[in-house]
Amino acid sequence: MQDGFLQYFVTKRCRRAPLIHWGYYVRARAVDHCVREFLLQSQGHPRRQILSFGAGFDSLYFRLKAVGLLSCTVVYEVDFPSVASRKAALIKGTKDLAVVVGGVGRRESGAMSFAVEDYKLLGVDLSELSKLEKALKEAGLDPEVPTMLLAEVVLTYMEISRSDALIQWAAQHFPCAQFVLYEQMHPEDAFGRIMQQHFSRLNSGLHALAQYPDCEAQRRRFLQRGWAECSVIDMNEFYANFIPEDERRRVQALEPFDEYEEWHLKCSHYFILVASKGEELAWTPLFSKMPAFSADDPPRVAGSISASVCTIDSEIVGLRRYGHHSVLIKPHVVLTTGGFGEQDGRHCRLRDFHVLIRHEDNWRVGSVRMEKPDNTWGGRLFHTVTCVSGSQALAVGGRMSPTNADLGILWLRFPDSMTASDPDCVVVELVSPQPAEDLASSRWRHTTTEVMCQGQKYLFIYGGRSAVQPVLGDWYFLHLEEFSCKRISVGGPVPEGRHSHSACSWDGGALIAGGLGAAEQPLNSVLFLRPTGSGFQWQSVETHPPFIPRYSHTAHVHDGKLLLVGGVWLHSASVPGVTVIDLMTGFSLDYQIDTVSLKWPLMLHNHSSIFLPDKRELLLIGGGGNCFSFGTHLNLRPVCLGLSNILTSQ
């Protein structure tokens, strides 16, 4: 955002993470959209007003005044007396600000900390309505004039009875007005719990969430308190529908970005609301466009699956990570590689390998001995590891950072699998082969799947993203014996490019599900790369009902059923659990994951999962991410999901 006045209201400049830049950008755009629509709609009136509650050090007045949008408009800002006094002192002591307001203002009087003709700064506690009304009247606020009331993450810090009273007072006090509210929602899921914990640590609990947890509850809140109309959308919907495509591309190009999961989760936990009353302002700006995106219909939940902490013989801090990859290298041995997580009390890219070994119903932490260790592995994230035999696997791609992804391909060989002297030790030898194809491996968030063509084994490398292309739609067939990419005929409609999708081997081909497309919208397609006599054919797998678009999930095929596990979708009323799709009929069912037995939030994106067919059980390893400004969350322990009931019930 271009804001030449912001520099005067901050104590120091510092660079934030790209995710935080994006989050505050979309907030600023949403509020700016509503304010400009109000000014446009009311431009025929000889007088109009903006009343900003809890304005803090917002530069709104200065930005609007500098571009000539405040004709016939008075801006009133209200905050605690101490905040208003500090802001007034800043304005008086800063030449560029004083020039905009046209002087140093009148002498302070009562609640008035600063006043010029079109700008009034008041120090009043919003919870004391009689004092607020009195101070506004003395400042010259005219309730008969078209008025916009603005509250950006303000009311939720007040006791519910007091914030409700403020909403009702505003409806009764202003016959022609709009009320714009930007706040948090959805406290019940993992991201919502982490969000609440963050504000509780700051001693700033979010009071409104318990009674008004979602968009519909907030809409009813305003309608029941005297507002004639009310529209409310979450920030995913605002970003897709109200920010032009060329502007979205501009923002994407400003700095490297690869935190899509947390971006969409943040946006699904904040909303922008506009309530209105009075004939002149009955229309609300969020109804002005036909939606290019809207949240999908809620999933029809068929049941729930209980999650339980895996029984493991020791503490396993090393599996608190995300962006890693786990693979079953023997029937009861799970190897986990790479990712970002916790090591020696700090968060960093992880270079170590981790082994879990199952003995009956329990898991043991194994050890890894590296043969010929070198620096070729690095701390890669969002790579793939595919077992191609009982003694070796291929690691493909991944990234160190969004600008460093030329990590190539590595063989992981397990020469003795487990040593005789130490049955819980896995020997891993890293071998750098001759480059197969730079373009095939310089990617991340892709998939690799073993397929068969004319009796030959290939590794099908598909999709992902690169340091140059935000979304890839190409594919390669890596011949596993010759270790070279081969041209193989592929017919059918070319699928939309995607990353963060899932892929499973099935019937000699590959099943591709979901992913994030070029428009940064999740996809709901299931595609089958079907083997033919001379190559492969793309074909679509129709599901009934269509499964909700998602990405950053994991997937498995068992007994003709495709299992989609976790991920991120834009339907903010719930989070993905396990979806079971019958590949013969296309019939799909959604199951929630019951996490009541877990003492910590379970975030199922950027995780890995292992399906254990003999137990009909899923082992979930890692997962989490950087939760906006609320901190990094890492799932504490591996989790087990028993699937026997849902796999036999279909």
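Key figures for this structure:
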item: Residue identified as among the hydrophobic types (A, V, I, L, M, F, W, C), over 22 Å from Phe57 (Cα atoms) and without any contact (Cβ under 8 Å) to a residue 40 or more places away in the chain among Ala115, Ala165; result: Ala165
item: From Gly341, Gly390, residue being part of a strand (DSSP E or B) and under 18 Å from Val327 (Cβ atoms); result: Gly341
item: Any hit, the stretch 548-559, residues being over 19 Å from the mean Cα position of the chain (by Cα), closer than 30 Å to Phe257 by Cβ, free of Cβ contacts under 8 Å to residues at least 60 places away in the same chain and assigned to a strand (DSSP E or B); result: yes
item: Candidates Gly514, Gly508, Gly492, Gly535 - the one that is open to solvent by less than 10 Å² (accessible area, probe 1.4 Å) and more than 25 Å from the chain's Cα centre (by Cα); result: Gly535
item: Check on Ser130, assigned to a helix (DSSP H, G or I), of a type in the set (S, T, N, Q), open to solvent by 40 Å² or more (accessible area, probe 1.4 Å) and at negative phi; result: yes
item: Tally of residues being among the hydroxyl-bearing types (Ser, Thr, Tyr) and part of a strand (DSSP E or B) across the stretch 598-630; result: 2
item: Scan of the stretch 538-547 for residues that are open to solvent by less than 30 Å² (accessible area, probe 1.4 Å) and either part of a loop (DSSP other than H, G, I, E, B) or modelled with pLDDT under 95 (or both), ordered by number; result: Val541, Thr543, Phe547
item: Qualifying residue in the stretch 557-565 (condition: under 25 Å from Pro187 (Cα atoms), at pLDDT below 95 and crowded, with 23+ Cβ neighbours inside 10 Å); result: no
item: Pair list, Cβ < 9 Å and 6+ apart or interchain, from the stretch 63-92 residues that are farther than 14 Å from Val35 by Cα to residues that are part of a helix (DSSP H, G or I) and among the acidic types (Asp, Glu); result: none
item: Candidate set from the stretch 317-328 (those that are modelled with pLDDT of 85 or more and more than 21 Å from His446 (Cβ to Cβ)); member that is most open to solvent (accessible area, probe 1.4 Å); result: Arg320
item: Residue in the stretch 143-159 that is farther than 30 Å from Arg47 by Cβ, in a loop (DSSP other than H, G, I, E, B) and not hydroxyl-bearing (Ser, Thr, Tyr) present; result: yes
item: Failed item, numbered, when Leu350 is tested on (1) over 28 Å from the mean Cα position of the chain (by Cα); (2) open to solvent by less than 10 Å² (accessible area, probe 1.4 Å); (3) free of Cβ contacts under 8 Å to residues at least 60 places away in the same chain; result: (1)
item: Meets criteria (aliphatic (A, V, I, L, M), in contact with a helix residue (DSSP H, G or I) (Cβ under 9 Å, 6 or more places away or on another chain), more than 16 Å from Phe222 (Cα to Cα) and open to solvent by less than 20 Å² (accessible area, probe 1.4 Å)) for Ala115; result: yes
item: The lone exception for Leu412 - which of (1) assigned to a strand (DSSP E or B); (2) under 33 Å from the mean Cα position of the chain (by Cα); (3) at pLDDT 90 or above it fails; result: (3)
item: Within the stretch 208-231, considering residues that are assigned to a helix (DSSP H, G or I) and over 19 Å from Ala573 (Cα atoms), the one most open to solvent (accessible area, probe 1.4 Å); result: Leu223
item: Output for the stretch 165-207, where each listed residue is in a loop (DSSP other than H, G, I, E, B), of a type in the set (D, E, K, R) and either open to solvent by 60 Å² or more (accessible area, probe 1.4 Å) or modelled with pLDDT of 95 or more (or both); result: Glu188
item: Scope the stretch 578-612; condition open to solvent by 30 Å² or more (accessible area, probe 1.4 Å) and hydroxyl-bearing (Ser, Thr, Tyr); matching residues; result: Thr585, Thr595, Ser597
item: Extreme residue, surrounded by the most Cβ atoms within 10 Å (Cβ to Cβ), among residues of the stretch 517-527 that are touching a residue at least 40 places away in the same chain (Cβ under 8 Å) and outside any loop (DSSP other than H, G, I, E, B); result: Pro522
item: Hits in the stretch 631-650 (condition: open to solvent by 50 Å² or more (accessible area, probe 1.4 Å) and assigned to a loop (DSSP other than H, G, I, E, B)); result: Leu636, Arg637, Gln650
item: Hits in the stretch 257-303 (condition: open to solvent by 60 Å² or more (accessible area, probe 1.4 Å), farther than 22 Å from Pro546 by Cβ and modelled with pLDDT of 65 or more); result: Glu279, Glu280
item: Filter result (in contact with a Lys or Arg (Cβ under 8 Å, 6 or more places away or on another chain) and either open to solvent by 20 Å² or more (accessible area, probe 1.4 Å) or not in a strand (DSSP E or B) (or both)) within the stretch 495-505; result: Ser500
item: Filter pass, Phe628 being open to solvent by 10 Å² or more (accessible area, probe 1.4 Å) and within 23 Å of the chain's Cα centre (by Cα); result: yes
item: Residues of the stretch 48-97 satisfying the condition of being outside any loop (DSSP other than H, G, I, E, B) and of a type in the set (Val, Ile, Thr); result: Ile50, Thr73, Val74, Val75, Val78, Val83, Ile91
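Each row is one residue, and each column tells you yes or no for (1) under 22 Å from Glu237 (Cβ atoms); (2) out of contact with any His (no Cβ under 8 Å at 6 or more places or on another chain).
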residue: Ala555; (1), (2): no, yes
residue: Gly560; (1), (2): no, yes
residue: Gly566; (1), (2): no, no
residue: His571; (1), (2): yes, yes
residue: Pro576; (1), (2): yes, no
residue: Thr579; (1), (2): no, yes
residue: Leu589; (1), (2): no, yes
residue: Asp594; (1), (2): no, yes
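The values are calculated or read from the model by the stated rules, or taken from the named source; none is laboratory data. Model, not experiment: these values are computed from the prediction. Positions of Cβ are backbone-derived with ideal geometry, glycine not excepted, and every protein chain shown enters the neighbour counts. The protein model used for the area step is the full one, side chains on, heavy atoms only, and it has no ligands, DNA or RNA in it. Shrake-Rupley method; radii C 1.70, N 1.55, O 1.52, S 1.80 Å.
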